[in-house]
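See structure below.
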Amino acid sequence: MDTLLYLTRRIAQALVVILIVTVVVFGLLHALPGGPARGILGQQATPQQITLFNHDQGLDRPLPVQYLYYLRQLLHGDLGTSYTLNEAVSQLIEQRLPKTLVLTVLSAIIGLSLAIPLGMWQAVRRNKPADYVITTLSFVAYSTPVYFLGLVLVLVFTQVLRWFPSQAPQGDTVGQVFADPVALVLPVVTGAASMVAAFSRYMRAATLENLSEDYVRTARAGGSRQRAILFKHVFRNSLTPVIAMLGYYVPVLFGGALVVEQLFNYPGMGLLFWSAAQSSDYPVLLGCVLVISVATVVGSLLADIVQRVVDPRVKGGLV
Amino acid sequence: MNSILEIENLGVTFSTESGDVPAVRGVSLRVAAGETLALVGESGSGKSTVALAALGLLPGNARASGGVSVGGTDVVGAGEAELARLRGRTASMVFQEPATALDPLTRIGKQIAEVVRNHRDVSRREAAAEAVALLRRVGIPEPERRASAFPFQLSGGQRQRVVIAMAIANSPGLLVADEPTTALDVTVQAEILDLLRALAADSGTGVLLVTHNMGVVADFADRVAVMLEGEIVETGAVEEVLLRPTHEYTRRLLAAVPRLAVTGSGNGSVVREEVEGAPVVELRDVSVRFGRGPGAVRALEEVSLTVRAGETVGLVGESGSGKSTAARVALGLVAPESGGVSLFGADLRKARGRARRALLAGVGVVLQDPVASLDARMSVAECVAEPLRVHRRGMGAAERRERVAEVLELVRLPRELARRGPRELSGGQRQRVSLARALVLEPRLLVADEPTSALDVSVQQTVLEVISELQAELGFACLFVSHDLAVVQQFAGRVVVMRDGRVEEQGPTMSTLLHPETEYTRRLIAAVPIPDPVLQRERRKRRLALGTGAGA
């Protein structure tokens, strides 16, 4: 299929999914206990006050009309106003999102750059002591809750060894965050740990599968050495399923950020989401949900596009 | 003459979870330069293990003993580095499955160049040029352009040519070919065998040809070694072994091979009289299209065929000819875009719900893959009983058990197997379970799609016998889809030859296959190798003359 046509179609699909997400978020907004009015006016509001508020805000109009209104607001970047922080949700997210992206993207890069070689190495040394040791560690890391792992890291590296500070960089801008790289180490490592565990397993499985493929035998029969086979053929073939997994890993990364930001007092989206949940600040919560959903859709879109670049068969419509 | 491959008293044992399994015992053989030795046998005989051992390519859980020497190098005791120097240069290999033998993500030119550069100190550019030259040598059209293609962009036959190009890249003294044409259509098989023969003759390469196909042996080999349960039971010149076998097993094996009768006398095949019964299934001008838009595939175009009560119709053709699709239309699994399908006189396209189910209850089906077509989580009895559960809802459990036992007996399977899982059975037994399941509702039509293609010849023979006998006893009609003309000739009263989604020709089997009316059928028949080296040599000459005559 023509690449341009493919991109257009795939992006159109993504837009449709995002539209469905907005319907769900809108629905959730209106399923709130007492509706948005109760949330904004507080528990003490009289029914008269609520009726008046609803009329002023257009909340007594039919739902589809309200949805269109909501959608128009969204397109103008208006996600509503926080109940507790008295600030536009969009502005809050605009401040916090870059910092969360720094944390999650760094975690993902470091996590993957450890996980991929580790998984390959394990596959080559399958059922040897090294494989068993890493497998055990992976399962421990994967099954340990992120907050517990974070606490252990904090305890060891800030209290016992005193190598790193226990707080993440506190600056408001990305520049300020990067100005204090030492303080970034523990949050990033905590975020990357489960990723290393999960993706080294995927990579190990994919590599093992590919090592038993016929084409490996063909390469070997042509006199290629194990190293060359591994790096020229098996690596690329094993990477494609891992890339596909990565697209669906975006929400997991955000979930991790929620805990890590709370643990290291890092004022990103996760912390925003957490405190909004504590104070029933629904506009903020739903704004975050919308952003994370969009990120997930974009993540799988990017994964699909990368896969198309790596694997010519996808383009040929064969896989 | 000097031997390029010498195997002395080779033994190979696989260590598995259930203990050590000896796969090859005391095998000794030689391949001289320029000579082709065919290693034949049924599945599990150890022939592929010998082939892999020749290049030191045995899997990790295998232990080899004895001596394997390739061009003077001892392979059994060699380390990986030494083996890597040998493979692709002194000896190389062509594998069975061209679909998976190439790295799907690497361009074919690059894969060939890799083999060149593994053994010779040439620049990338020189290696790429050499890859193009090799592609030209193995008969790939437009090699410059094709070199940058990915494997999925090539047909099966072209992929096998690429694998061969890789194998001959460094002019090896020994070529090991493990079922090199088994996954290919007969006409492509003939081309690949011609290619291998020419390459071997040109460069004096010795060939170890592993195959189960006696026709291929007759066509290609100088000498034959027959393997049974890990041992060589008979060795000799191809004429000796195929025409005057001495070992009892070789005789049995050869007797089980269906032979395509090419002269009027017909060796043993039964010519059945034409049946004038009522049609059980009828396809009228059926067209089927898969997909939409410009990418749509025309699978069938105005196909008409009829199967009458009690008769067997063979549906033959190469892969992609639409024969399986036609069978699926008859089964109601594929809805035609246009045309009519009637089953037992009723219009299948109009039948809905209960009426449709009742119609389809009259059709039994046996598919090619005996492993995939039975649910591994069900016991044999459950597999066979499933149609009863669907179509005879009122039937009690005891009655159902009784019926299952009855059909298992019909297909000559012992009752005790009913409780086992399909995995515990052999391929032939599984296929008979499929047959039992197909017959449990006493169908008026049996649709068999390549029912014996995955089986060894001796097993194929029993399964075909069972079908024939039951047909005589129960009187069902049969639509028999097969790529194997010899089997169809033996089995079907009428034959329909398909090509590119159309019916090429049809008629009584004997007259159609002996005196084909179309050029295509003639070529198809000419491409089938028959297991008689003397006759086959004649046929090959005539086929090549036909090929050039037709300007192919």
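A short reminder: the numbers here are calculations on the coordinates, not readings from a lab. The model shown is predicted, which means the values in this text are computed figures rather than measured ones. Cβ: placed from backbone, ideal geometry, glycine included. Neighbour counts: every protein chain shown.
Cα convex hull, segment A:198-319: 125 Å³ per residue, rounded to a whole number. In order along segment B:110-121, the phi-based Karplus estimate (6.51 cos²θ - 1.76 cosθ + 1.60, θ = phi - 60°) of 3J(HN,Hα) comes to 5, 5, 5, 4, 4, 5, 4, 6, 4, 10, 10, 8 Hz; Gly and Pro are listed as x. If you take the Cα centroid of segment B:447-478 and the Cα centroid of segment A:240-298, the two points sit 61 Å apart. Can you list residues from other chains, or at least 5 along the same chain, whose modelled amide H is less than 5 Å from the amide H of B:MET227? Distant-sequence amide H within range of B:MET227: B:VAL40, B:GLY41, B:VAL233. The Cα-based radius of gyration and maximum Cα-Cα distance (Dmax) for segment B:106-171 are 10.5, 32 Å.
If one computes P(r) from the Cα atoms of segment A:103-287, what percent of pairs lie at distances over 30 Å?
Details: 5342 of 17020 pairs.
Value for segment A:103-287 (Cα pairs over 30 Å): 31 percent.
Residues of segment B:15-37 with backbone nitrogen within less than 17 Å of a virtual label 7 Å along the Cα-to-Cβ line of B:THR182, please, listed as ranges. The answer is B:23-24, whose backbone nitrogens lie closer than 17 Å to the label point. Grouping the Cα pair distances of segment A:28-156 into 10 Å bins from zero gives a pair-distance distribution of 10, 23, 20, 15, 16, 12, 4, 0 percent in increasing distance order. Rounded to the nearest whole Hz, the Karplus-based 3J(HN,Hα) values (6.51 cos²θ - 1.76 cosθ + 1.60, θ = phi - 60°) of segment B:193-200 follow the sequence 5, 4, 4, 4, 5, 5, 5, 5, with x at glycine and proline.
For the peptides B:7-19, B:109-121, B:130-142, A:53-65, the ranking by packing is B:109-121, B:130-142, B:7-19, A:53-65, with the highest mean count of neighbouring Cβ atoms within 10 Å listed first.
Taking amide H atoms as placed 1.01 Å from N in the peptide plane, the amide H of B:ARG502 lies under 5 Å from those of B:GLU301, each 5 or more residues away in sequence or on another chain.
Put a dot 7 Å past the Cα of A:THR22, heading toward its Cβ, do the same for B:SER338, and the two dots end up 4.5 nm apart. Figure legend: label point modelled 7 angstrom from the Cα of B:LYS110 along Cα→Cβ; residues of segment A:275-319 with amide N under 11 Å from it are A:310-312. For segment A:135-140, backbone phi angles converted through the Karplus equation (6.51, -1.76, 1.60; θ = phi - 60°) give residue-by-residue couplings of 4, 4, 4, 4, 5, 4 Hz, Gly and Pro being listed as x. Here the spin labels are modelled as points 7 Å beyond Cα on the Cα-Cβ line, and at B:ALA309 and A:VAL310 they lie 6.1 nm apart. With all projection directions averaged, the alpha carbon convex hull of chain B covers 27.6 nm². Estimated from helices alone, the mean residue ellipticity of chain A at 222 nm is -24000 deg cm²/dmol (sum of -39500 (n - 2.57) over DSSP H runs with n ≥ 4, per residue). Label positions at B:ARG289 and B:LEU535, each projected 7 Å from the Cα along the C-beta direction, are separated by 4.5 nm.
Applying 0.36 nm per residue to the separation of B:SER319 and B:ALA397 and subtracting their alpha-carbon distance, the gain on full extension is 23.8 nm. If you look at the Cα atoms of the protein assembly as shown, you get an Rg and a Dmax of 34.0, 109 Å. Per residue, the convex hull spanned by the Cα atoms of chain A amounts to 169 cubic angstrom.
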